[in-house]
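All remarks here apply to the structure that follows.
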Amino acid sequence: MAPVSYGVKMIMTGTVSQEDYGIFVAVISFVMILGSYNDFGMADSLNYFLPEHLHKKDAKKITQTLSIALVTQILSSSCIAVILFFVS
C-alpha cells in the first residue's frame, strides 16, 4: 500500500498546484481520522467473542454477534458519509 501511496503523491505533486495538493492532503487526512473512529473496536470484539461462540457451537450467538457488528459498521459509515456530504 505504501508504494502505491508514494506513487500517487509523486503524480499529484507533478500535475496539480501546491494549493490543490494541500487541499487534497487535508481532505485525505480528515477522512482517515474519521475512518479510524468508524471501527468502534468491532474487530477486537469479534476476535474476542466469535471464538468463544464457535467453541460452544452456538449458532444463534454467532449470528447475533455478526449482525450487531454489521449494523454498527453500516450506521457509523452512513453517519460519517452524511457528515462529509454536508461539510463539503
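Computed from the coordinates by the stated procedures, all read-outs in this text should not be read as laboratory data. Just so it is clear, the structure is predicted and the values come from calculations on it, not from any experiment. Positions of Cβ are backbone-derived with ideal geometry, glycine not excepted, and every protein chain shown enters the neighbour counts.
Annotations
- Straight-line reach from K9: taking Cα to Cα under 21 Å and skipping same-chain neighbours fewer than 8 places apart, no lysines fall in range.
- Angle in degrees between helix 2-15 and the longest Cα principal axis of the chain, rounded to the nearest 10: 30 degrees
- For the range 26-43, the Karplus equation 6.51 cos²θ - 1.76 cosθ + 1.60, evaluated at θ = phi - 60°, returns couplings of 5, 5, 4, 4, 4, 5, 5, 5, 5, x, 5, 7, 5, 6, 6, x, 5, 4 Hz by residue, with Gly and Pro reported as x.
- The packing ranking of peptides 79-86, 65-72, highest mean first, is 65-72, 79-86, where packing means the average number of other beta carbon atoms within 10 angstrom of each residue.
- Using the Cβ-Cβ distance between L84 and Y48 with R0 set to 30 Å, the FRET efficiency from 1/(1 + (r/R0)^6) comes to roughly 0.45.
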